[in-house]
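The structure appears right after this line, and notes come after that.
The values are calculated or read from the model by the stated rules, or taken from the named source; none is laboratory data. Only a predicted model underlies this, so the values are computations on that prediction, with no experimental measurement involved. Ideal geometry is used to build each Cβ from the backbone, glycine not excepted, and the neighbour counts take in all protein chains shown. Ligands, DNA and RNA are stripped out before the accessible areas are found, and what is left, the full protein with its side chains, is counted by its heavy atoms. Shrake-Rupley method; radii C 1.70, N 1.55, O 1.52, S 1.80 Å.
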Amino acid sequence: MVTRENLAQSGIVNVKNIYSNLSPTLLVEYALAHEDAVLSSTGALRVETGKYSGRSPLDRFIVDSPAIHDKVDWGEVNRPIDKETYEKLSHRLEAYLAGKDVFVFDGFVGADENHRLNIRVINEYAWQNLFVHQMFIRPTAEQLAAFAPNFTVIACPGFQGVPEVDGTRSEVFVILNFDEKKIIIGGSSYPGEIKKSCFTLMNYFLPEKGVCPMHCSANMGDDNDTALFFGLSGTGKTTLSADPNRHLIGDDEHGWSQDGIFNFEGGCYAKCLDLTREGEPQIFDAIRFGSLLENVILDPETRVADYHDDKLSKNTRAAYPIEYIPGAVMSGKGTQPNAIFFLAADSRGVLPPISRLDINQACYHYLSGYTSKMAGLERGITESQATFSAGFGSPFLVRPAGVYADILKKNIEKYGTKVYLINTGWTGGPYGVGHRIPLKYTRSMVTAALTGAFDNIEFVKDEVFGLSMPTSCPDVPADILNPRNTWDDKAAYDEAAYALAALFVENFKTLKGVAPEIIAAGPKTK
């Protein structure tokens, strides 16, 4: 039981009621009675997040101090804020909570007991506390009785920053204080800010232990073969890892240690736009009582969800505990990975649907982290645009990207892991001309890679990117494996391919301390 004395240690005093570690049922009941929430026809709790339906990355700050200054890769991603400014804002937030009900969750980030963090999350809203209850790892009664937090997260959407007073960029702020072991969040109801803040913590702490934190999903076959899927939001991490023929370890964040793979979370956070039972049965059926639906339109009479309606947001989401996925690996742990898949939703339609990478290409594409960022995932993104994100998650990397790439490379070499680049985006032309690669074909290509079907198949090299493309794949039309063949205008394809290659090269110039052999593994330019 969390007491007032416990909260006072985090600066939270004079609150009205403390609801600590409530069950999903009690949290749902409170949200229905006191917050603007309703139940969907399947029993999921549906809420609207308001102005912000995605992360606000330019509003994240790290409190600068001598203890961490030389370890952080400062810049547009990791923006510094001084201790005095942080303390003033933190005190204002704490005063805001006086007289209000608060909801507290105690749990873990990290399934591996040797590398986990104990986190305490204090929420203003019951529905946000339901989110963290389902997303993070829930302790047993025995663990809860002896729980002591390593980090405290305070999330108050109703409290807004004032830039001219608080040193923030807008009313939204997400501030990490590694010295105080505290995170404060305000101005945004989007709960993904909580989730990704905790991921950022792991990205800071784990490299010091030689563990590679990764923005990836993971699953395991019946033979205990583990696969990793790297990619930014919207590229298919959740979808491809939720494979009915394999066992889900986790859908977004993992660590890679000498003991194998381990999930950071205890739940999944799936995109819902255009969700169908036929296309993604496991995710579709996981949206039931105990799950949280964000910004999904419901029929006013039947409360049936319309997953195709994006008038509130293109980033509609569902959060649910991992046990809602049949056959999930409840330990959250996997073996050393047999295969890694880098996912890119290429809206230009020039990358191959699947290609095999050598070790230097693997490092190059890991450090590039290319995809086409789709509308709605972040504040200000209103149309598809090319983006590069080191480690397929640079907004969450506190240290220089090379630190993470070095650990990943050592692990790939040590465990003989095969690496593939998969385009989950467009074929036959760019967005607006071509069409998205069917999910069933992508699943077949992943299956072929995992089952060894490519071992005796000829590969040919793409002339621009130097990628090795299979000439055939079971259950996939051979003519789509080489993207140039799918374009009616071959000259237009060549022009688009070289244009994307130039973007890769320009982006790589911004990276420091990269070995020559990795630079040489990049694409050609005209």
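Taking each residue of the range 217-242 that is more than 23 Å from CYS272 (Cα to Cα) and looking for partners that are surrounded by fewer than 24 Cβ atoms within 10 Å (Cβ to Cβ) and among the basic types (Lys, Arg) with beta-carbon atoms closer than 7 Å, six or more apart or interchain, yields MET220/ARG246; GLY221/ARG246. Surrounded by fewer than 22 Cβ atoms within 10 Å (Cβ to Cβ) and modelled with pLDDT under 95 - does that describe any residue in the range 197-213? No - not one qualifying residue is present in the range 197-213. Over 18 Å from the mean Cα position of the chain (by Cα), surrounded by fewer than 18 Cβ atoms within 10 Å (Cβ to Cβ) and farther than 30 Å from THR140 by Cα: does that describe ARG348? Spelling it out, it is not the case that ARG348 is over 18 Å from the mean Cα position of the chain (by Cα), surrounded by fewer than 18 Cβ atoms within 10 Å (Cβ to Cβ) and farther than 30 Å from THR140 by Cα. Would you confirm, using the coordinates I've provided, whether ARG303 is at positive phi, open to solvent by 10 Å² or more (accessible area, probe 1.4 Å) and at pLDDT 95 or above? Yes; evaluated as a whole, the condition is true for this residue.
Entry remark, the range 30-54: residues being in contact with a strand residue (DSSP E or B) (Cβ under 8 Å, 6 or more places away or on another chain) and open to solvent by 40 Å² or more (accessible area, probe 1.4 Å) number 8 in total. When GLU164, GLU180, GLU193, GLU171 are screened for being over 20 Å from the mean Cα position of the chain (by Cα) and outside any loop (DSSP other than H, G, I, E, B), only GLU164 passes. Looking across the range 121-139, just one residue is assigned to a strand (DSSP E or B) and either open to solvent by 20 Å² or more (accessible area, probe 1.4 Å) or in contact with a Lys or Arg (Cβ under 7 Å, 6 or more places away or on another chain) (or both), and that is ILE137. Counting only residues that are more than 16 Å from THR387 (Cβ to Cβ) and aliphatic (A, V, I, L, M), which one in the range 490-500 is most open to solvent (accessible area, probe 1.4 Å)? Only one residue tops the list, namely ALA491. Remark: ALA286 falls outside the filter, which requires a residue to be touching a strand residue (DSSP E or B) at 6+ places or on another chain (Cβ under 7 Å) and over 19 Å from VAL38 (Cα atoms). Just checking, does the range 248-263 include any residue being among the hydrophobic types (A, V, I, L, M, F, W, C) and more than 24 Å from TYR204 (Cβ to Cβ)? There is at least one residue in the range 248-263 that is among the hydrophobic types (A, V, I, L, M, F, W, C) and more than 24 Å from TYR204 (Cβ to Cβ). Considering the range 105-119, the residues that are open to solvent by less than 20 Å² (accessible area, probe 1.4 Å) and assigned to a strand (DSSP E or B) include one that is farthest from GLY332 (Cα to Cα), namely PHE105. Only one of the numbered conditions (1) touching a Pro at 6+ places or on another chain (Cβ under 8 Å); (2) free of Cβ contacts under 8 Å to residues at least 40 places away in the same chain is not met by GLY186, and that is (2).
Just so you know, in the range 220-259 the residues that are of a type in the set (S, T, N, Q) and under 17 Å from ILE412 (Cα atoms) include one that is most open to solvent (accessible area, probe 1.4 Å), and it is GLN258. Report yes if ILE175 is crowded, with 23+ Cβ neighbours inside 10 Å and touching a residue at least 40 places away in the same chain (Cβ under 8 Å), otherwise no. Criteria met by ILE175. Screening ASN123 against (1) closer than 23 Å to ARG317 by Cα; (2) under 19 Å from the mean Cα position of the chain (by Cα); (3) not acidic (Asp, Glu) leaves a single unmet condition, (2). The strands (runs of 3 or more DSSP E) found entirely in the range 218-275 that carry 3 or more residues being under 18 Å from VAL109 (Cα atoms) are 247-250, 253-257, 260-263, 267-271. The single residue among LYS512, LYS526 that is loosely packed, with under 15 Cβ neighbours inside 10 Å, charged (D, E, K, R) and without any contact (Cβ under 8 Å) to a residue 60 or more places away in the chain turns out to be LYS526.
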